[in-house]
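The values are calculated or read from the model by the stated rules, or taken from the named source; none is laboratory data. Small disclaimer: the values here were computed from a predicted structure and weren't measured. Glycine also receives a Cβ, built like all others from the backbone with ideal geometry; neighbour counts cover every protein chain displayed. All accessible areas refer to the heavy atoms of the entire protein, side chains included, with ligands and DNA or RNA removed. Shrake-Rupley method; radii C 1.70, N 1.55, O 1.52, S 1.80 Å.
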Amino acid sequence: MDIEGLYLRLPWHLQGLILNFAGAVIHRRRYSGHYGTVEKEVDKRLDFSKNEIHKYRVSRLKKHFQSARSSPFWANRFLKFKVNIGSEDPFKELEKLPVLTKLEVKEHASEIVNYRAKSRSIKRHTSGSTGSGLIFWESRQMEQVTWATWWRFRKMHGISRHDWCAYFGGRSIVSVTREQPPFWRNNFFGKQIIFSGYHINSATAEAYLTKIKKTGVSWIHGYPSIISLLAGYKKELNISLPRLKIITTGAENLLESQKRLISEAFQVPLAQHYGLAEGVANISMWPSGSMHVDEDYACVEFLPLEGGNEKQHKIVGTNWHNHSFPLFRYDTGDIVSLADSKEVVQSCRGRKVEFIDGRREDFVVLPNGTKIGRMDNVFKDLINIKDAQIRQKDKSRITILVVPGIRYSQKDERLLVEQIKKRLGDTIGLEIKYMSSIKRTKSGKLRLVVQE
């Protein structure tokens, strides 16, 4: 049954009732039971010493190895690669395992499940923004640790669970055929006004901004591609809003051009967060502005990226809080630039990340095979562009899709070409296509680079 399709066909007031019922169920599941204890433990680890965080990490990995014995997939893999799960140095044993790909997980999902730990687990789906979704199981403990860790990040920036949030994500909460407000729904239990990311345009932007102004929300959270689009319209319409506490972004890479536009439009602090459904890594921006690995959340490894520079590494992680669906050395497909090559865990505020570069697919490949990342820098001074995407079908040429703002001119086009040539040279062909909008993924995300 297409539940989402049925929901979208209902009158708006019935949609509100259903959404709030779902919100109540989710709120109860996340924050009831042992959540209070979990949150206190997560917050306490923020003050752990180097020795304390090391002991905690060793303990978590040991428990994860022991629990994973009940997974047929991992029992066989431990045997094959001679992993001693009772070793006093579990990190040394972890290195014996090969990196696990998403394709392997999809093919062996039924064998990876730990049925002894699966009771009261939740069935999860990743968004599949690169066309490769994943279905897996998440334990109750994992869900609560995840949300306690995310709220730890938010509390550092002055946000609490009592603050109302304007949320801009990829959820289909309003039918795409709707042409008049409201383009949002209230989730009272989650303290959210959930805005549709599929209806923002020149005709509707004022309604969005007016709603935010009237409700007086404390903060905005969501996909940076959607928030930056709204920021562009805010600058054009010159609508003033009450002072927000902060804007936080997640789910997508925050591009420098988006960061600049959002900051200029809303005049509030901006904080980025990195996490993923599989729970194998978490990276939080601190109030100082630096990004750090949450070393207590998962075992994160940074492996050198083939074809990248010496700072670029792929994120590989182990989800040691989720015994229902254990993942060891799982390749996230995401790329970061490290601020320091030293892999020393000093505290819960762990290794420093300079940039979250995105996914492997976010790199343009030159005819000679060189991979060029950080393509968002092309657009950092092009404030008259609302949305953009680079598409590459082969190594000989790229096409840039551009959604121009009302002040976009030939001067902007010349600057765009100049910035592209500066980074890619003259060895690759270039075409610019102007669009009224750019198609997003099924989860509502806008990818900067699409390789075909």
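Before moving on, here are some points about what is shown:
For every residue, the table says whether it meets (1) outside any loop (DSSP other than H, G, I, E, B); (2) in contact (Cβ under 8 Å) with a residue 40 or more places away in the chain; (3) more than 20 Å from the chain's Cα centre (by Cα); (4) within 30 Å of Asp163 (Cα to Cα).
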| position | (1), (2), (3), (4) |
| --- | --- |
| Trp74 | yes, yes, yes, no |
| Leu79 | yes, no, yes, no |
| Gly86 | no, no, yes, no |
| Arg116 | no, yes, yes, no |
| Ser119 | no, no, yes, no |
| Lys123 | yes, no, no, yes |
| Met142 | yes, yes, no, yes |
| Thr146 | yes, yes, no, yes |
| Trp150 | yes, yes, no, yes |
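- Within the stretch 321-336, being open to solvent by 10 Å² or more (accessible area, probe 1.4 Å) and within 18 Å of Glu354 (Cα to Cα) holds for one residue alone: Asp334.
- Answer from Thr177, Thr204 - the residue that is open to solvent by less than 50 Å² (accessible area, probe 1.4 Å), out of contact with any strand residue (DSSP E or B) (no Cβ under 7 Å at 6 or more places or on another chain) and without any contact (Cβ under 8 Å) to a residue 24 or more places away in the chain: Thr204
- Residues (farther than 20 Å from Ser139 by Cβ and surrounded by 22 or more Cβ atoms within 10 Å (Cβ to Cβ)) located in the stretch 280-300: Ile283, Ser284, Met285, Val293, Glu295
- Here the stretch 25-61 is the region considered, the condition is being of a type in the set (A, V, I, L, M), in contact (Cβ under 8 Å) with a residue 40 or more places away in the chain and open to solvent by 30 Å² or more (accessible area, probe 1.4 Å), and the residue that is farthest from Tyr297 (Cα to Cα) is Ile26.
- Annotation: Phe91 fulfils all but one of (1) on the phi > 0 side of the Ramachandran plot; (2) part of a helix (DSSP H, G or I); the unmet one is (1).
- Residue pairs whose Cβ atoms lie under 9 Å apart, sitting 6 or more positions apart in sequence or on different chains, and linking a residue in the stretch 93-106 that is free of Cβ contacts under 8 Å to residues at least 24 places away in the same chain to a partner that is surrounded by fewer than 16 Cβ atoms within 10 Å (Cβ to Cβ) and not small (Gly, Ala, Ser), are Lys96/Phe81; Lys96/Lys82; Lys96/Asn84.
- When the test is whether a residue is part of a helix (DSSP H, G or I), within 14 Å of Asn322 (Cβ to Cβ), at pLDDT 95 or above and charged (D, E, K, R), Lys63 passes it.
- Test: residue in the stretch 426-436 that is of a type outside the set (A, V, I, L, M), surrounded by 14 or more Cβ atoms within 10 Å (Cβ to Cβ) and either closer than 23 Å to Pro367 by Cα or at pLDDT 85 or above (or both): no
- Qualifying residue in the stretch 364-383 (condition: part of a strand (DSSP E or B) and modelled with pLDDT under 75): yes
- Check on Leu79, farther than 13 Å from Thr318 by Cβ and at pLDDT below 95: no
- Unmet criterion (only one of (1) among the aromatic types (Phe, Trp, Tyr); (2) touching a residue at least 60 places away in the same chain (Cβ under 8 Å); (3) out of contact with any Lys or Arg (no Cβ under 6 Å at 6 or more places or on another chain); (4) more than 15 Å from Trp150 (Cβ to Cβ)) for Tyr297: (4)
- Taking the conditions (1) touching a strand residue (DSSP E or B) at 6+ places or on another chain (Cβ under 9 Å); (2) more than 29 Å from Ser290 (Cα to Cα); (3) not in a strand (DSSP E or B) in turn, Thr210 satisfies each one other than (1).
- Qualifying positions in the stretch 300-326 - assigned to a strand (DSSP E or B) and touching a Phe, Trp or Tyr at 6+ places or on another chain (Cβ under 6 Å): His313, Gly317, Thr318
Okay, residues lined up against (1) part of a helix (DSSP H, G or I); (2) of a type in the set (Ser, Thr, Tyr):
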residue: Val217; (1), (2): no, no
residue: Ile227; (1), (2): yes, no
residue: Ala231; (1), (2): yes, no
residue: Leu241; (1), (2): no, no
residue: Ser257; (1), (2): yes, yes
residue: Val268; (1), (2): no, no
residue: His273; (1), (2): no, no
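- Only one entry of Leu209, Leu229, Leu237 meets the criterion of being modelled with pLDDT under 90 and either open to solvent by less than 50 Å² (accessible area, probe 1.4 Å) or more than 26 Å from the chain's Cα centre (by Cα) (or both), and that entry is Leu229.
- Residue that is farthest from Cys165 (Cα to Cα), among those in the stretch 240-260 that are surrounded by 21 or more Cβ atoms within 10 Å (Cβ to Cβ) and modelled with pLDDT of 90 or more: Thr249
- The residues of the stretch 386-444 that are assigned to a strand (DSSP E or B) and touching a residue at least 40 places away in the same chain (Cβ under 8 Å), listed by number, are Lys386, Asp387, Ala388, Gln389, Ile390, Arg391, Gln392, Lys393.
- Out of Phe136, Phe91, one residue alone is aromatic (Phe, Trp, Tyr) and at pLDDT 95 or above. It is Phe91.
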